[in-house]
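In what follows, a single structure is set out as structure tokens and then discussed.
The values are calculated or read from the model by the stated rules, or taken from the named source; none is laboratory data. Every value quoted in this text rests on a predicted model; they were computed, and no experiment measured them. Quick reminder, even Gly has a Cβ in these numbers, built from the backbone with ideal geometry, and neighbours come from all protein chains shown.
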Amino acid sequence: MIRFENVTKRYPDGTTAVDDLSFEVAEGELVTLVGPSGCGKTTTMKMVNRLIEPTSGQIFLDGEDIASVDPVELRRRIGYVIQQVGLFPHKTVLDNTGTVPHLLGWSKAKRRERAAELLDLVGLDPAVFGDRYPDQLSGGQRQRVGVARALAADPPVLLMDEPFGAVDPVVREHLQTEFLKLQSSLHKTVLFVTHDIEEAVRLGDRIAVYGEGRVEQFDPPTKVLGAP
Ligand code: ADP
Ligand code: ADP
């Protein structure tokens, strides 16, 4: 579903953030990327939806080189959830959730209908929360809206960059459990960044263990835990 082939990213200042990365994520698989801050996880994610371009190498989505896929089409095929700052503060929960459908030109009625359905899906009553603004929500509720928004156009792929990193541990565990249920019922292919090995193990079908721009291990949780 997603394949990295010898992908390297060097920033203009000379920092090599990702160094000759090659791995493949199967359809419906949830892969967690784990490693210390600065090892290239976010850079990896941003290259998948073309927020940044690789210096060399290729990334394939369903066999197609993403370098030749239109960025708006990529928004339809890939949902993106990030920590905290993901929501537009001046937009209501319903409008935030309908961001990608708006980009795709859906009618307002259709956007609102879809947004309400998604809020239900992530456990937020649209009648209660739909017209609120992000600063009128708890941290956990905001992250739920982030997940709803990423699912709006029903993309086969989800990129999640520390989506639950900013919420307290109890809420976090709850969100993890719900996300796992959602992911298996919707059968999404997921790349999930975390610096928390427990979260990586709990969620991942396989874990990509990063160190300094490279994937040092790419294995199921039992094998990662068994490593010395
Ligand atoms: P994290 O992924 O740890 O939440 P960021 O992605 O914001 O944090 O940044 C990761 C690292 O990259 C940090 O050490 C930050 O200083 C560095 N960084 C981010 N943007 C730039 C930039 N434009 N130039 C240089 N370093 C940067
Ligand atoms: P992680 O997500 O694992 O914290 P990042 O992918 O954000 O790591 O960063 C990887 C490396 O690239 C770090 O050394 C970081 O400082 C550097 N980096 C990130 N963004 C930039 C940037 N825009 N310009 C220069 N260096 C950057």
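Structure data summary
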| quantity | calculated |
| --- | --- |
| Some residue of segment 76-94 being of a type in the set (Ser, Thr, Tyr), within 13 Å of ligand 2 (Cβ to nearest atom) and under 21 Å from Ala208 (Cβ atoms) | no |
| Residue in segment 116-123 that is under 20 Å from the mean Cα position of the chain (by Cα) and farther than 23 Å from Leu182 by Cα present | no |
| Single unsatisfied condition, Glu173 versus (1) within 24 Å of Arg75 (Cα to Cα); (2) free of Cβ contacts under 8 Å to residues at least 12 places away in the same chain | (1) |
| Test: residue in segment 176-192 that is within 16 Å of ligand 2 (Cβ to nearest atom) and within 18 Å of Glu24 (Cα to Cα) | yes |
| Subset of segment 106-164 (residues that are within 16 Å of ligand 2 (Cβ to nearest atom) and not in a loop (DSSP other than H, G, I, E, B)) | Leu159, Met160, Asp161 |
| Selected residue [farther than 30 Å from Asp13 by Cβ and modelled with pLDDT of 95 or more] from His102, His90 | His90 |
| Any hit, segment 116-138, residues being within 24 Å of Met45 (Cα to Cα), β-branched (Val, Ile, Thr), at pLDDT 90 or above and crowded, with 20+ Cβ neighbours inside 10 Å | no |
| Residue within segment 210-224 that is on the phi > 0 side of the Ramachandran plot, assigned to a loop (DSSP other than H, G, I, E, B), within 17 Å of the chain's Cα centre (by Cα) and among the acidic types (Asp, Glu) present | no |
| Identity of the residue in segment 44-55, more than 17 Å from Val209 (Cα to Cα) and of a type outside the set (Lys, Arg), that ends up nearest to ligand 2 (Cβ to nearest atom) | Ile52 |
| Test: residue in segment 37-51 that is away from ligand 1 (no atom under 16 Å from the Cβ) and either modelled with pLDDT of 95 or more or within 28 Å of Phe218 (Cβ to Cβ) (or both) | yes |
| Given (1) farther than 21 Å from Val145 by Cβ; (2) within 16 Å of the chain's Cα centre (by Cα), index of the condition Leu51 fails | (1) |
| Subset of segment 20-36 [within 12 Å of ligand 1 (Cβ to nearest atom) and at pLDDT 95 or above] | Leu33 |
| Criterion violated by Ala17 - all others in (1) within 15 Å of ligand 1 (Cβ to nearest atom); (2) in contact with a Leu (Cβ under 9 Å, 6 or more places away or on another chain) satisfied | (2) |
| Criterion (among the β-branched types (Val, Ile, Thr), farther than 12 Å from Gln83 by Cβ and outside any helix (DSSP H, G or I)) met by exactly one of Val171, Val167, Val190 | Val190 |
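Listed here are the residues, each with its yes/no results for (1) more than 8 Å from ligand 2 (Cβ to nearest atom); (2) of a type in the set (Val, Ile, Thr); (3) under 18 Å from Asp161 (Cα atoms); (4) in contact (Cβ under 8 Å) with a residue 12 or more places away in the chain.
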position: Thr8; (1), (2), (3), (4): yes, yes, no, yes
position: Asp20; (1), (2), (3), (4): yes, no, no, yes
position: Val25; (1), (2), (3), (4): yes, yes, yes, yes
position: Val31; (1), (2), (3), (4): yes, yes, yes, yes
position: Gly35; (1), (2), (3), (4): no, no, yes, yes
position: Thr42; (1), (2), (3), (4): no, yes, yes, yes
position: Gly57; (1), (2), (3), (4): yes, no, no, yes
position: Asp65; (1), (2), (3), (4): yes, no, no, no
position: Glu73; (1), (2), (3), (4): yes, no, no, no
